[in-house]
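First comes the structure, then the notes that go with it.
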Amino acid sequence: MAKVLLQDQQSQEEILRKERKANNAWNKLKRNKTAVLGLAAVCFMIAIAVFAPLITDGKPNEIHPIDAYLTFFEKGHLFGTDEFGRDLFTRICYGARVSLLVAAGATIVGGIAGVLLGLLAGYMGGIVDAVVMRIMDGVLAFPFILLSIVLMTVLGSGMTNVILAIGIAEIPRFARVVRGQVLVVKREEYCNAGRVIGISHFRMLFHHILPNTISEVIVYATLNIASAIISESALSFLGLGIDLPTASWGSILRAGRNSLNTAPHIAAVSGVFILITVIGFNLLGDGIRDVLDPKMKK
């Protein structure tokens, strides 16, 4: 009888181990085919950016006027050349570095400031919450492009200022996401117990509330990288982004605007890379949301 009970217990433990393994983050992500596709696209773009010096000639700004407007595969140029005869494949690879760096940097800037403001507003409540969120609402009232133009006019051009401009514009969205989660979490029993035993506000915020809101921040940050790439491309397209001749996907798209009839491949190539990257981050963000959602147990 004891042997049967022991075998039954071991069987149940084995089932529990298999269930835990099946429901860990990586296995849940692998079961989501669209998330895997998004992860593959993101990894591909990051690899292009990281290994750009190895897979290209390393000269994205080298001019050859005699070779201007070459199309695909002409004279050994995989994606052709632009109006100055610069190799488009090389510029796309180096542009990936700039666009992804700007998107990641802007997300970090907006995320850090937005998370802190959201924590403060949601936890303190009252007049603090009202003041902080009305300021955030005021920033959100401006269309992104208009706000970015104002910020770029004040800050000036350059990669650092583009990161700051996009990051500042994203702060209210992060703050709203975090504030909503804080309002829920701070009413949980463990937070009430912590207040009863007299733990500090700092410990309550950063040891109990923030860890239980971070999953939403991670999901939103992943999705925000996609929108930040579009934002950088839009600013560069308008001539307010990365200084020329530095290659970015937006500046390449802008260069192709004036030659859509004679050399449409310039705008098409950069547009396709922007499209694939944005879709990849969106699919990956949706997959991460499903992984971090405790209700998703399939």
query = On the given criteria, is Thr246 in a helix (DSSP H, G or I) and either crowded, with 18+ Cβ neighbours inside 10 Å or of a type in the set (S, T, N, Q) (or both)?
reply = no
message = Please determine whether any residue of region 215-237 is open to solvent by 40 Å² or more (accessible area, probe 1.4 Å), modelled with pLDDT under 80 and more than 27 Å from Gly58 (Cα to Cα).
response = no
query = If we keep just the residues of region 160-191 that are of a type outside the set (Asp, Glu) and outside any helix (DSSP H, G or I), which is nearest to Val219 (Cα to Cα)?
reply = Lys186
key: Restricting region 278-295 to residues that are aliphatic (A, V, I, L, M) and at pLDDT 75 or above, the residue that is farthest from Ala40 (Cα to Cα)   = Val291
inquiry  = Show me the helices (runs of 4 or more DSSP H) entirely contained within region 47-147 in which 2 or more residues are under 30 Å from Arg187 (Cα atoms) and among the charged types (D, E, K, R).
reply    = 126-140
key: Matching option when the condition is more than 29 Å from Ala106 (Cβ to Cβ), open to solvent by 30 Å² or more (accessible area, probe 1.4 Å) and either assigned to a helix (DSSP H, G or I) or at pLDDT below 85 (or both), among Gly194, Gly198   = Gly198
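Listed here are the residues, each with its yes/no results for (1) over 23 Å from the mean Cα position of the chain (by Cα); (2) closer than 30 Å to Gly85 by Cβ.
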{"residue": "Val184", "(1), (2)": "yes, no"}
{"residue": "Ala226", "(1), (2)": "no, no"}
{"residue": "Ile229", "(1), (2)": "no, yes"}
{"residue": "Ala234", "(1), (2)": "no, yes"}
{"residue": "Leu238", "(1), (2)": "no, yes"}
{"residue": "Thr246", "(1), (2)": "no, yes"}
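The values are calculated or read from the model by the stated rules, or taken from the named source; none is laboratory data. No experiment lies behind these values; they were computed from the predicted model shown. Heads up, the Cβs are rebuilt from the backbone with ideal geometry, glycines too, and the neighbour counts pull from every protein chain shown. SASA here: full protein model, heavy atoms, side chains in, ligands and nucleic acids out. Shrake-Rupley method; radii C 1.70, N 1.55, O 1.52, S 1.80 Å.
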